[in-house]
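Visitor: Below are the structure tokens for one structure; questions will follow.
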Amino acid sequence: MKRPGWKTHGCLILSDISKLSLGKYVVAKPRPNGTYRILFQVPARIRPPGWPPVIPLPHSDQRTGRLDALEIAAIREDAAKAYADMKRAQLTGRIAPTPRTPMATLVHRWQTSPEWRLLTPKTRQGYAYYAVRVMAWSRECGHPDPRLMTQPAVRSFLANFEKTPTTRKHVAKVLRLIMGEAVAAGWRTDNPVQGIRIRLPKTPKLAIWEQSDVDAYSAEATLQGRHSVAAMIILVWEIGQRLTDLQQFKAGIDYDAGRGVFSFAQSKTGAQVTIAVSSMLRGVLADLCRSDGEALFLDEATGNAFDTYRLSHEFRRVRTAVERAGGRGLVLRQLRHSCVIQLARAGCTVPEIASITGHTFGSVNGILSTYLPRDGTVARNAQIKRGLIPQEDRPDA
């Protein structure tokens, strides 16, 4: 059952925040970048002497910037405590400090450490996301002291994610890093998460995307009103770039609509890539109507540029619909490797493939050595080149 003010993905956009009851004197302050601050703000006329004008919420957990169910619960809990403290201060004239819980203090130390600052923004975002899960567990357990945490307690916590092994692995890694900070701070001499191994189920080998798959997925994304997702699928199919790079593309800077050319430096390797795209894709991109300097691909649900989690969520919705219609269940990140395979099928050399996808020669060779030896299309092309079978034997001839 959908709760009032909630989007199906569990996060809210600014226009929806007012529909939630977060607590007395709780306000949302938008920032220019599309995010927001949640504050406990008591009007000056009734504010007890010495009471702060604003208190960021939640004060017991680290903010992630995503108003998901866990964060909303923390905001409501801390707002209720702040309101009770404020009413008590009105009666007594004394303001009780709001101490951080030991776990919140530890998480704060970790997220302000030199090691944290060296992480990439994407990695920090992912770690913060799973740290919220750790804080939710701490809150549910009454905020136990991390100095006394035992390995059985950690295993019991991780058992909550038994049905989502990938999430369990990520949460375990973040908790290990948090408890590593406890060791570094001298809070304890051992890390109770160290040595806990989590095995993921074996995943099927890479499934190569075909043109029919791209057509099915892009058509379904368009049907769902996710035109940016459809365009991103087609774009990776044509130029094989990383999804994290696509999320950063800006109209008029990385993409010249007049020439239909992408020109940019890859974020991971720094390699400069300049690639023309098909007239069909140029038409799709033209329909997005982005102003120069604006993110080329905007999340239609939020109006902001995609992050990794939002893109994964929107793609899962598309994939579910495609599978229900009888299509193949494919993985979005494997579309980049599929582009390499398709270029090889078309007879492109390794340097030609690398010039489009931005892979190193070694990476291209690695992908091809893994997937091409058993590829029927490549084998058929080889037999045609040898003159053993006629050209018209091609299935698509």
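The values are calculated or read from the model by the stated rules, or taken from the named source; none is laboratory data. Computed from a prediction, not measured in an experiment: that's the story for all the values here. A quick note on method: Cβ atoms are made from the backbone with ideal geometry, for glycine too, and the neighbour counts reach across all protein chains shown. To get the accessible areas, we keep the full protein, side chains included, count just its heavy atoms, and leave off ligands, DNA and RNA. Shrake-Rupley method; radii C 1.70, N 1.55, O 1.52, S 1.80 Å.
Visitor: Name the residue that is nearest to GLY180 (Cα to Cα), counting only residues in region 131-167 that are open to solvent by 50 Å² or more (accessible area, probe 1.4 Å) and in contact with a helix residue (DSSP H, G or I) (Cβ under 8 Å, 6 or more places away or on another chain).
Guide: ARG147
Visitor: Which residues, counting only those in region 259-288, are polar (S, T, N, Q), under 27 Å from THR360 (Cα atoms) and out of contact with any helix residue (DSSP H, G or I) (no Cβ under 8 Å at 6 or more places or on another chain)?
Guide: Hits for region 259-288 are SER263, THR269, GLN272, THR274.
Visitor: So how many residues does region 295-350 have that are free of Cβ contacts under 8 Å to residues at least 24 places away in the same chain and of a type in the set (Val, Ile, Thr)?
Guide: Selection size over region 295-350: 3.
Visitor: Please state which of the following conditions ALA257 fails to meet, knowing it meets all the rest: (1) over 28 Å from ARG345 (Cα atoms); (2) open to solvent by 40 Å² or more (accessible area, probe 1.4 Å); (3) out of contact with any strand residue (DSSP E or B) (no Cβ under 9 Å at 6 or more places or on another chain).
Guide: (3) is the only condition that ALA257 fails.
Visitor: Identify all residues within region 188-215 that are open to solvent by less than 70 Å² (accessible area, probe 1.4 Å), over 17 Å from CYS339 (Cβ atoms) and not charged (D, E, K, R); write none if there are none.
Guide: If the condition is that a residue be open to solvent by less than 70 Å² (accessible area, probe 1.4 Å), over 17 Å from CYS339 (Cβ atoms) and not charged (D, E, K, R), then ASN191, PRO192, VAL193, GLY195, ILE196, ILE198 are the ones that fit.
Visitor: Report those helices (runs of 4 or more DSSP H) wholly inside region 307-397 carrying at least 1 residues which are at pLDDT 80 or above.
Guide: Here the list reads 308-324, 335-345, 350-357, 361-371.
Visitor: For region 266-292, enumerate the residues that are surrounded by 13 or more Cβ atoms within 10 Å (Cβ to Cβ) and within 24 Å of the chain's Cα centre (by Cα).
Guide: Answer for region 266-292, where residues must be surrounded by 13 or more Cβ atoms within 10 Å (Cβ to Cβ) and within 24 Å of the chain's Cα centre (by Cα): GLN266, SER267, THR269, ALA271, LEU285, LEU288, ARG290.
Visitor: Considering only region 147-248, give the helices (runs of 4 or more DSSP H) lying wholly within it that have at least 3 residues that are aliphatic (A, V, I, L, M) and closer than 30 Å to PHE297 by Cβ.
Guide: Output list reads 211-223, 227-239.
Visitor: Tell me, yes or no, whether region 251-266 has at least one residue that is among the β-branched types (Val, Ile, Thr) and within 21 Å of HIS337 (Cβ to Cβ).
Guide: No.
Visitor: Something else about it: Out of everything in region 29-51 that is closer than 26 Å to GLY93 by Cβ and open to solvent by 50 Å² or more (accessible area, probe 1.4 Å), what residue ends up being modelled with the lowest pLDDT?
Guide: GLY50
Visitor: Taking into account only those residues within region 92-116 that are open to solvent by 80 Å² or more (accessible area, probe 1.4 Å) and at pLDDT below 85, which is nearest to the chain's Cα centre (by Cα)?
Guide: Among those that are open to solvent by 80 Å² or more (accessible area, probe 1.4 Å) and at pLDDT below 85, it is ARG100.
Visitor: Sticking with this one: When both residues are 6+ apart or on different chains and their Cβ atoms are under 6 Å apart, which pairs have a first residue that lies in region 223-246 and is closer than 18 Å to HIS337 by Cα and touching a residue at least 24 places away in the same chain (Cβ under 8 Å), and a second that is part of a loop (DSSP other than H, G, I, E, B) and open to solvent by less than 10 Å² (accessible area, probe 1.4 Å)?
Guide: Filtered contacts from region 223-246: MET232/PHE297.
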